[in-house]
1. Specify the inter-centroid distance of segment 1-58 and segment 73-145, based on alpha-carbon positions, in whole Å.
2. Quickly estimate the mean residue ellipticity at 222 nm for the chain, helices only: each DSSP H run with n ≥ 4 gives -39500 (n - 2.57), and the total goes over all residues, rounded to 500.
3. Within segment 68-114, list the chymotrypsin sites (Phe, Trp or Tyr not before Pro) lying in a DSSP loop whose Cβ has at most 13 other Cβ atoms in a 10 Å radius.
4. Taking the simple approach of a point 7 Å from Cα along Cα-to-Cβ for both Gln16 and Asn99, what is their distance in nm?
5. Work out, step by step, the length gained on full extension between Lys118 and Lys2: first 0.36 nm times the residue separation, then minus their alpha carbon distance; give nm to one decimal.
6. If the elastic network links every pair of Cα atoms under 10 Å, which of Lys117, Lys101, Lys20 fluctuates the most in the Gaussian network model of the chain?
7. Which of Ala51, Ala40, Ala113 moves most in a GNM of the chain, Cα contacts under 10 Å?
8. State the label only: which of (1) 13.7; (2) 19.0; (3) 10.3 corresponds to mean projected area of the Cα convex hull in nm² computed from the shown model?
Amino acid sequence: MKNLLTIELQYKIFQQKAVKIITGLNNFSIDFILKIVKAAEIGQASYVDIATNPKIISIIKSVTNFPLYVSSIEPLELSNCVMKSTNILEIGNFDVFYNKKIFFSSEQILNLAKQTKKIIPNIPICVTIPHILLLSQQICLAGLVETIGVSLIQTESYSTKNNIHHRSSGIGIGSAVY
């Protein structure tokens, strides 16, 4: 399958120098997001993850061409963001559901990835592999989403797992991009 990532991002990933800056899922402050995007540009980050909001994307894209990344579990919501020139889509942020006792199975995530890929075939898609799955299930899911043409796979932070299951120190390991 054709790799939909830019050559520059592919190279950064290969060199293990890809950096995703996160502005916050619920951060809708245009001024704050613009400051983070400008800082990311200066710092030569790879891309910025912003709120899944077409209006915000449109405003940010009106002042910069810096790659933007949005995440959702709703393929149509992601499609609306693509219409505003989002560069990378993520199926993820499952951790916001855990406190509500909502957990996604491998099958549900694979189906979301397939639906998203079907309606948005020409934009890179990243799938987050939930830490709540057994390691063998995580590996299997990663292989399955790769076969349907997903461009990136990332894992949830270990600190998310600690906060849900142990409410411990809050020390964690960040997400990995493969």
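We did not get these values from a lab; they are worked out from the coordinates using the rules stated. These numbers come from a predicted model, not from an experiment. Positions of Cβ are backbone-derived with ideal geometry, glycine not excepted, and every protein chain shown enters the neighbour counts.
1. Spelled out, the Cα-based centre of one part sits 18 Å from the other.
2. It lands at -12000 deg cm²/dmol.
3. When the chymotrypsin sites (Phe, Trp or Tyr not before Pro) of segment 68-114 are filtered for loop state and at most 13 Cβ neighbours within 10 Å, Phe103 remain.
4. Using points 7 Å along Cα→Cβ, the separation is 3.4 nm.
5. Extra length available between Lys118 and Lys2 comes to 40.3 nm.
6. With Cα springs under 10 Å in the chain, the top fluctuation among Lys117, Lys101, Lys20 is at Lys101.
7. Of the options given, Ala40 has the highest mean-square fluctuation.
8. (3)
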